[in-house]
Amino acid sequence: MVLAAVLVIAVSGSVSAQIDARSLMNAQRNQQRGLDANGMPIDPSQQGTDGQQLDANGNPINGEQADTTKKKKPRKPLESYFFSDSIRSLRNFQWHIDREYNTVEVEPIDTTLNVWRLDYPHYHKRLGNNSVGGLGQASTEVNYFERTRSREFSFSQPYDAYTYNTENVPFYNMKHPYIWMTYLESGQKRYREEHFEIMASQNINPSTSVSLNFRSRGSRSQYDVSRIKNNNFAGTVAHTGRRYSVFAGYTRNIVEQQESGGVVGDWAIADTIFEMPSGVPMRLAGAEAKNRYRNNAFFIKQSVGIPFVRMTERDFSMSDLPAIYVGHTFEYNEWSKIYTDKYSTYKDERYQRNPDGTYTSHTDTYYKDWFYNPEKSRDSTYERIITNRLFVQAQPWDRNGAVGTIDGGVGLDIHTYSQFAEKDYLSGKIKRENLTSWFAYAGVQGKIRKYADWGANFKIYPSGYRGGDYEISARAALSAYIKKKPITLSGSFSEAMTSPGYWQNNWNSNHYRWSNNFKKEGETRFNIAFLVPDYGIELGFWQSILRDKIYYGADCMPKQHDGTVSVTSIYAQKDFNIKGLHLNHRALVQLTSNRHVVPLPLVSAFLSYYYEFWVKRDILRLQIGVDGRFNTRYFVQGYNPALSVFYNQNETEVGNYPYLDAFISAKWKRMRILLKYQHWNYGLFGNQEYFAVARYPLNPGMFKIGISWTFYD
């Protein structure tokens, strides 16, 4: 039986094999004739490229499976000529573009504890700014040589530390998707300061990235009628390819400020202790004064590189080849400002001291003039500038060579200015004026390896609204290395002739009006600096000769000084690090030949003493310390809400007051944490004159807590 079964299986297998072989031969014969297995014509859509018959799923009819594995294309590296090998090797980095030249300024993304404790952005520079109050409010730089010299919408310049613009919008290059969130708050809910920030960025490929940035900062303020809300958004797209590059961005800035006008008298801060800061009397408390700023801007900058020699696969980028770049920049930027208030008075209880020690009170109004409406104001101002630039950049040999690049370009500015006309203020009609300016510019820069860096630029307005304006500048830096640690000596020079701002010549509102014909301003400036970064040493010297300087006087009206003013600044920085103990010192000495034109404190200082250590190696790092700010007494500038300008005044001197912050900051893996008691010496010592701007007190003591968290894959 078993033998019979084996014979049956063998015969069946032989027969099956013969049938399968015959079927396969028939199928191949039919395929050659254009027929399927049943002898029917083959549908061309069911036939493979090699003539093989396919089934409904695209597989060969002989039962073999098609190879559906897709071969991955090799991922191209970042080939842009903007970035060196050391920059490309970074996991993440950011940069800012230059508005006129085909260059970028690369910066690391700061996720350390270096400036995390400085939650006010206007404190990030050397000595920081003088502010009218807390977070989000108007400020001006302590160092005269760090003040903005732009003529574009001067009313927004007090908020430059917060707002986005073409040159400070960040672009990112990320190896992985990246999200960064920050939140800080302080004080009771009724008087809270809040700072919320989120950034998201992702690279589509190594050369193309998109990013979104949103910041919301503001304060309900511990003082009456001083609330502010400051919202800023920036969205960017960047492609930095081998030959073609494009940077595009959209920004929107919104500032809404309640204007207090400052305290009725310095005595309200220095000589009187109110139960709550909200009880301190303000000069515009009943005026319902507000400023609303709106800004929309868009820009796109693109360039194409044309190499002079044929590129090969070995040429990683164009930075080492002779080449020429041709590009175009378009910018659209509009700002508007609306100031509103209503008529009100304030009472100064200590206006004048009598011989017997008592005081005489005085009732007054903040604004002396009400030209068009004696009950309320609504001043509307609008400015728009559209800019087109065409530029060429030649790269004779190596982009980082002794003569790296030679630049040139031409452009056109189209300005639009709008405000209420004098005769139409009550009817609400707007006066609009359009002006144009042509300009041309050129520049050259180079490097000698890591030992020398130099450059020179020139810009001129040959015709139009700013016809005759020009600026010449040059810079050079020499570096030496001792045990691979750099020592740098740098210098710069500039000469400029600039037309007055449009609003300095033309202004019409309910409280102020003028029609001026100011001359051009001139300035000659030079700077020398010595840096040893590994030892925290920086020495700087600035000198400026100002000619026909325009400023705002004690009556808040623009004036022009007929003559020259000399301004000299000497800056010194030394940071000591003794086994985790950091003793950081920054001091600035400023001399002015005419304080009525350029008022400056003689000495300003920022000191930071803290101890930094690992609680758990590579997991938790901690800083514990104190920051302090100080300047000598001087006639500090005041601030005018209706004009949004800082003006010179001769009534109030402030200074000789130490403003101290105590803090604990930590970094736990990807998270940064901040615990801070701001102005902890409030009411303990000092002369109680904690003003940085005349009649505008800084915040009293408050506790802050904050967190910043980074997410990436």
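Just so it is clear, none of the values below were taken in a lab; they were calculated from the coordinates. Everything numeric in this text was worked out from a predicted model, so none of it was measured. Every residue, glycine among them, receives a Cβ derived from its backbone with ideal geometry; neighbour counts consider all protein chains shown.
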Measure up Lys447/Lys549; Lys483/Lys574; Lys347/Lys376; Lys368/Lys559; Lys175/Lys447; Lys342/Lys431 against 27 Å on the Cα-Cα distance and list the ones that go over.
-> Lys447/Lys549; Lys175/Lys447
Most exposed first by the Cβ proxy, i.e. fewest other Cβ within 10 Å, how do Leu390, Leu607, Leu660 rank?
-> Leu390, Leu607, Leu660
Leading residue at positive end of dipole, the range 85-712 (Cβ point charges), from Thr498, Gln543, Gly443 = Gly443
If one compares the long axis through the Cα atoms of helix 2-32 with the longest principal axis of the Cα atoms of the chain, the angle in degrees, nearest 10, works out at 70 degrees
Cα convex hull volume per residue for the range 291-387 (Å³) = 230 Å³
What dipole magnitude, in Debye to the nearest 20, does the chain give about its Cα centre under +1 on Lys/Arg Cβ and -1 on Asp/Glu Cβ?
-> 1040 debye
Env charge @ Phe233, Cβ radius under 14 Å, K,R +1 / D,E -1, value +4
Which net charge results for the neighbourhood of Lys559, defined as the other residues with beta-carbon distances under 13 angstrom from its beta-carbon, given Lys and Arg at +1 and Asp and Glu at -1?
-> -2
Classify the range 331-470 as rounded, prolate or oblate, taking a ≥ b ≥ c as the square roots of the eigenvalues of its Cα gyration tensor: rounded when a/c is under 1.5, otherwise prolate if a/b is larger than b/c and oblate if not.
-> oblate
What is the sum of charges around Ile269, taking Lys and Arg as +1, Asp and Glu as -1, for the other residues whose C-beta is under 10 Å from the C-beta of Ile269?
-> -2
Just rank Arg147, Arg586, Arg310, fewest to most, by other beta-carbon atoms within 10 angstrom.
-> Arg310, Arg147, Arg586
If unit charges are put on Cβ atoms (+1 for Lys and Arg, -1 for Asp and Glu) and the dipole of the chain is taken about its Cα centre, the option from Gln157, Tyr552, Val237 lying farthest towards the positive end turns out to be Val237
Which FRET efficiency, nearest 0.05, do Asp562 and Thr652 yield, Cβ-Cβ r, R0 35 Å?
-> 0.85
If you project the alpha carbons of the range 119-162 onto their three principal axes, what span does each projection cover, largest first, in Å?
-> 28, 20, 14
Helix-only CD estimate at 222 nm, as mean residue ellipticity for the chain, using -39500 (n - 2.57) per DSSP H run (n ≥ 4) | -2000 deg cm²/dmol
The ³J(HN,Hα) series, computed from each phi in the range 441-447 with the Karplus coefficients 6.51, -1.76 and 1.60 at θ = phi - 60°, rounded to the nearest Hz and given as x for glycine or proline, is 8, 8, x, 8, 8, x, 9
Computed over the range 85-712: relative contact order in percent, which uses C-alpha pairs under 8 Å that are six or more apart = 11 percent
Residue-ordered couplings for the range 523-537, obtained by feeding phi - 60° into the Karplus form 6.51 cos²θ - 1.76 cosθ + 1.60 and rounding to whole Hz (Gly and Pro as x), are 8, 10, 9, 9, 9, 10, 9, 10, 10, 10, x, 5, 10, x, 10
If a/c stays under 1.5 just call it rounded; otherwise compare a/b with b/c (prolate if a/b is bigger, oblate if not). Do that for the range 563-622, with a ≥ b ≥ c from the square roots of the Cα gyration tensor eigenvalues.
-> prolate
Three-way shape call for the range 80-203 based on the alpha-carbon gyration tensor, with the a/c threshold at 1.5 | oblate
If you rank Val597, Val142, Val615 by fewest surrounding Cβ atoms within 10 Å, what's the result?
-> Val615, Val597, Val142
At 37 °C and 0.692 mPa s, grab the translational diffusion coefficient of the range 181-302 from Stokes-Einstein with a Kirkwood Rh over Cα pairs, rounded to a whole number in µm² per second.
-> 188 µm²/s
Taking N as the number of residues in the chain, what is its Cα Rg relative to 2.2 N^0.38 Å?
-> 1.28
Report, by chain and number, residues whose modeled amide H sits under 5 Å from the one on Gly404, excluding near sequence neighbours (fewer than 5 apart, same chain).
-> Gln445, Gly446, Lys447
